[in-house]
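S.K.: What follows is a structure written as structure tokens; I'll ask about it next.
The values are calculated or read from the model by the stated rules, or taken from the named source; none is laboratory data. Bear in mind the structure is a predicted one, so any value in this text is a computation, not a measurement. Quick reminder, even Gly has a Cβ in these numbers, built from the backbone with ideal geometry, and neighbours come from all protein chains shown.
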Amino acid sequence: MAFLSSLVNGLSLGSIYAIIALGYTMVYGIAKMLNFAHGDVIMVGAYIAFCGAQYWGLPPVMCVLTAMLVCTVLGVTIERLAYRPLRQATSLAVLITAIGMSYLLQNLALQIWGANPKSFPVDLVALPGFTLFGGQLRISGVTLVTVLANIVIMAALTFFTSRTKLGKAMRCVSEDRGAAELMGISVNRTISLTFAIGSALAAIAGVLLCSAYPTLQPTTGSMPGIKAFTAAVFGGIGSIPGAMVGGLLLGIIEILSRAYISTELADAIVFAVLIVVLLVKPTGLLGKQVREKV
Amino acid sequence: MNEDKRRQRTKMVTYPSGAVIPERDLGKSPVLECSHLGIEFGGLKAVEDFNLVLGRTEIAGLIGPNGAGKTTIFNLLTKVYQPTHGSVLIDGLDTQSMTVVDVSKAGVARTFQNIRLFGNMSVEDNVRIGLHNQIKYDMFTGIFRLPRYFSREKQQHEKAMELLDIFNMADLADAKAGSLPYGAQRRLEIVRALATNPKLLLLDEPAAGMNPHETEELMDNILRIRDSFQIAVLLIEHDMNLVMGICEGICVLNFGRVIAKGTPEEIQSNPVVIEAYLGKKKEAGQ
């Protein structure tokens, strides 16, 4: 039963990683850049939801919606101001800018909300949990909401990218930006849309993360951000199902190693698994083989 | 039937400005006007003083040895490159401040020398990408599957099928574009370009890699497309059979400069062109 319980916890953490990983993988797939500030957008989302509940007295649903709205605007603004001017620059310049943006967001949060950890309102996701096997296995409301949210988001995104006009436009920008433009698809608009979706999802992930681990500080987003990035690479960066698989596996591996091997070594084990996977399959679990043009 | 049509030479007429266009396009404004168009890459003049006027339904050819600047001209016309000199008017509109997307919306579509289909997407989806600016709905309509979503998707599907029918490709709609045979990929690129509802179609080596039979078919199809869509076609091609067979006006480039212009007959007998292609004859041989 302890194993099952760990598995459920792993699934829950993995779902959060998967939602964050979507942001990384979509932006990478379409804009061909690593948005290292993504983890910090999660943190901002969590702070906004925190303020909504604590200071503005908003109902839980409104807290989440406000966080999503603010993060969407934030994500699109970051792209517009920091990344778009570098569209023709080397990928290294964009990468460094993204890291700078990450520290900027962290320090702004430090200025606005202070260094003291805030305790996130755990009743924000107020859904009663339930028990199975005569009380031996407890599944909390947060876990349930997290896993459900992940499934809904994945289904919606898969539908969006494969069955709608804008989703297809995103896929073709990801495949051949130049040809897409010549077909009349605005690359800038498509990239903005990608950032908007990724950042809105980051807000949801922020709320779910802090509901499960209710300590909120300016660096809250960085470690989950790195791990979700790992999950995206693990599953095959650029692939939406890859983000799902990578996120879930990473979450489960992390919780199981914490439970059965060592709490201290859990993170090390996670990254060791990543290294092994990349050695065996460099494109990640579901990644596509990139054909090099000669 | 088309065979005979090809043999009937178009009567070309001269504008007061000196531009030559087919007689049937005389009453209509030209679809493309390039004047003194040029681009330099770090001092290298890739294209210099390029002038061209295309009639509404003209089929024109751009020929010249490799590296003459033919594809560069396509890139200038579509704003992939920004010209350093001169101007391009599309349907009377100056493209000076236009982006690649604006040019597409203004009515220019192209195919590529090295095929650039969206290989991982289906044949139908490739055509639908071309329809992106023709049949529209917003993101929320898409996500929440409002009635409008279904009607627009249906419209897109029907239009895509209609376009694929031009080349009898409707039964391939669900195939992956990247897995089609080479010739079919070339045809799909033309269909995708037509989906953007162009006034001017730019074809970059449409017959490359095709066998003589396929090339014959392609020639008929280009004529058919011009007639049914009433558009102008500018094509780059090395296959002289195709160029001399269907082009009404031909422009010959060498080292970024126009060395000759005229009808197929004029070009075939032009000594400067022969020299550019075959090299100068030795004195003794003359």
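S.K.: Could you give me the residue pairs with C-beta distances under 9 Å whose first residue belongs to the stretch B:67-78 and is farther than 13 Å from B:His238 by Cβ, whose second residue is in a helix (DSSP H, G or I) wherever it lies, and which are 6+ apart or on separate chains?
M.R.: What qualifies is B:Leu77/B:Val103; B:Thr78/A:Glu181; B:Thr78/A:Leu182; B:Thr78/B:Val100; B:Thr78/B:Val103; B:Thr78/B:Ser104.
S.K.: Also, I was wondering about something else. For the stretch A:142-176, how many residues are assigned to a helix (DSSP H, G or I), facing another protein chain (nearest Cβ under 10 Å) and either free of Cβ contacts under 8 Å to residues at least 60 places away in the same chain or farther than 30 Å from A:Pro128 by Cα (or both)?
M.R.: Residues meeting the conditions: 15.
S.K.: Please enumerate the residues belonging to the stretch A:177-192 that are facing chain B (nearest Cβ under 7 Å) and not small (Gly, Ala, Ser).
M.R.: A:Glu181, A:Leu182, A:Met183, A:Ile185
So that you can scan it fast, the table gives a plain yes or no per residue for (1) part of a helix (DSSP H, G or I); (2) more than 21 Å from the chain's Cα centre (by Cα):
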residue: A:Met33; (1), (2): no, no
residue: A:Phe36; (1), (2): no, no
residue: A:Val41; (1), (2): yes, no
residue: A:Ile48; (1), (2): yes, no
residue: A:Ala53; (1), (2): yes, yes
residue: A:Val64; (1), (2): yes, no
residue: A:Val76; (1), (2): yes, no
residue: A:Gln88; (1), (2): no, yes
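S.K.: Being in the same structural domain as B:Met219 (by TED's automatic domain parsing), crowded, with 24+ Cβ neighbours inside 10 Å and either touching a His at 6+ places or on another chain (Cβ under 6 Å) or of a type in the set (Val, Ile, Thr) (or both) is the requirement here; does B:Ile63 meet it?
M.R.: So B:Ile63 fits the description; yes.
S.K.: Within the stretch B:215-223, is there a residue that is assigned to a helix (DSSP H, G or I), over 22 Å from B:Ala19 (Cα atoms), of a type in the set (S, T, N, Q) and touching a helix residue (DSSP H, G or I) at 6+ places or on another chain (Cβ under 9 Å)?
M.R.: yes
S.K.: Scan the stretch B:116-133 residue by residue and report those that are farther than 13 Å from B:Leu180 by Cα, more than 7 Å from every other protein chain (Cβ to nearest Cβ) and assigned to a loop (DSSP other than H, G, I, E, B).
M.R.: B:Leu131
S.K.: Another question about this same structure. Report yes if B:Thr84 is outside the structural domain of B:Tyr182 (by TED's automatic domain parsing) and over 18 Å from the mean Cα position of the chain (by Cα), otherwise no.
M.R.: Criteria met by B:Thr84.
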